[in-house]
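The values are calculated or read from the model by the stated rules, or taken from the named source; none is laboratory data. It should be emphasised that the depicted structure is a prediction, and the values quoted were computed from it without experimental measurement. Because the Cβ atoms are built from the backbone with ideal geometry, glycine has one as well, and the counts that use them run over all protein chains shown.
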Amino acid sequence: MHKQQFQFKIEAIKDFEFFRGWYFPKQWRDRKLLFWLFAIEVPITITILTLTGVASHNTYRTLLWEDGYRNGFNSAPNQNLYAAANYEPYTAPLVWSSFLTNFNLVIGVLSVFLLIVKIPVHFMHLFFPPLATFVHGGCIVVYAFAARYQAGSDMSDPSQPQPGAPWYITKSCSVAYSKSDIGFCNQAKALFALCILIILIYFVEFCFSVRSCFITRKERDQIIETREDKRVEKEFEEEIMKSPYYPTTPGLVPRTPGFPPQVAQPPGFGGQGRRVPLHTSALGI
């Protein structure tokens, strides 16, 4: 019973000593696993950048919008003209807006940039788990907004409402009114699927980063032991520096009571570094 109480007190002291000092996690549970995740992330981010680059400057956004209108799936792209003629306010649905196209392009460029930076920084052991948690968490949020915008509704035309995701996501591309839009439909569908896939990869990296931020009891004891060794070593050095026998004059060695002081001779002078007694007349004694 007394032994258990004593062991409990020792563990409590260790916890207090550990949390009293600030700890910044720098070690990964498995660095190779993160490299494998980066390897999976490379082709996906490059493909996303390619698709968003192709879709920029309204390559097929308006074409898919018009195609859906002709099939009765959503509103018309020229609805703003009728609203302006009738002096009515009009805002284009977000799913068909230029903002979404530009937003996708920005996050595509940002993803590739972060990937180019993450890999060499991780090689240099500087991509610490807290930093990785922040980066991957931010990427999850950004891509979640992108996926939400791409799957947005279009209720601007009451006669042809679109309560859910646009037709190129929910339907087969073979239903396109114009067969020339099938290729653009496949690109838009692939971009949405890759956004969902990259969210899953970032989520795995985020969970792995969070797990690496918390240490086990064994790792905690090792950190406490290392800190204790450094503290003892520092105290020992301070005691040596304060000692009256510590040589503060170059060329002199600690003097032992009852023996004359000595100086270190250079190599080749009476031997290799042999120390000879120093005459008291030379010291003015």
**OP:** Count, please, the residues in segment 77-111 that happen to be more than 22 Å from F192 (Cα to Cα) and touching a helix residue (DSSP H, G or I) at 6+ places or on another chain (Cβ under 6 Å).
**Re:** 1
**OP:** Considering each of S111, S75, S98 in turn, give the residue that is under 24 Å from the mean Cα position of the chain (by Cα) and at pLDDT 90 or above.
**Re:** S111
**OP:** Could you check how many residues of segment 214-242 are at pLDDT 70 or above and in a loop (DSSP other than H, G, I, E, B)?
**Re:** 2
**OP:** Say whether the condition of being surrounded by 12 or more Cβ atoms within 10 Å (Cβ to Cβ) and not in a helix (DSSP H, G or I) is met by at least one residue in segment 94-111.
**Re:** yes
Original post:
Would segment 167-190 turn up any residue that is β-branched (V, I, T) and within 18 Å of T50 (Cβ to Cβ)?
Top reply: no
Subject >> Count of segment 163-181 residues which are over 38 Å from the mean Cα position of the chain (by Cα), polar (S, T, N, Q) and outside any helix (DSSP H, G or I) >> reply: 1
Original post:
If only one of Y202, Y168 is touching a His at 6+ places or on another chain (Cβ under 8 Å) and not acidic (D, E), which one is it?
Top reply: Y202
**OP:** Only one of these is of a type in the set (S, T, Y) and in contact (Cβ under 8 Å) with a residue 60 or more places away in the chain: S159, S111, S172. Name it.
**Re:** S111
Original post:
Scanning segment 112-133 for residues that are of a type outside the set (A, V, I, L, M) and under 26 Å from F192 (Cβ atoms), which turns out surrounded by the fewest Cβ atoms within 10 Å (Cβ to Cβ)?
Top reply: F113
Original post:
Listed residues P89, P120, P158; which is part of a helix (DSSP H, G or I) and either modelled with pLDDT under 95 or in contact with a Gly (Cβ under 7 Å, 6 or more places away or on another chain) (or both)?
Top reply: P120
Original post:
Out of A144, A193, which single residue is modelled with pLDDT of 90 or more and surrounded by 14 or more Cβ atoms within 10 Å (Cβ to Cβ)?
Top reply: A144
Original post:
Which of the residues spanning segment 57-75 are closer than 19 Å to A190 by Cβ, in contact (Cβ under 8 Å) with a residue 40 or more places away in the chain and surrounded by 15 or more Cβ atoms within 10 Å (Cβ to Cβ)?
Top reply: Y60, R61, L63, L64, D67, G68
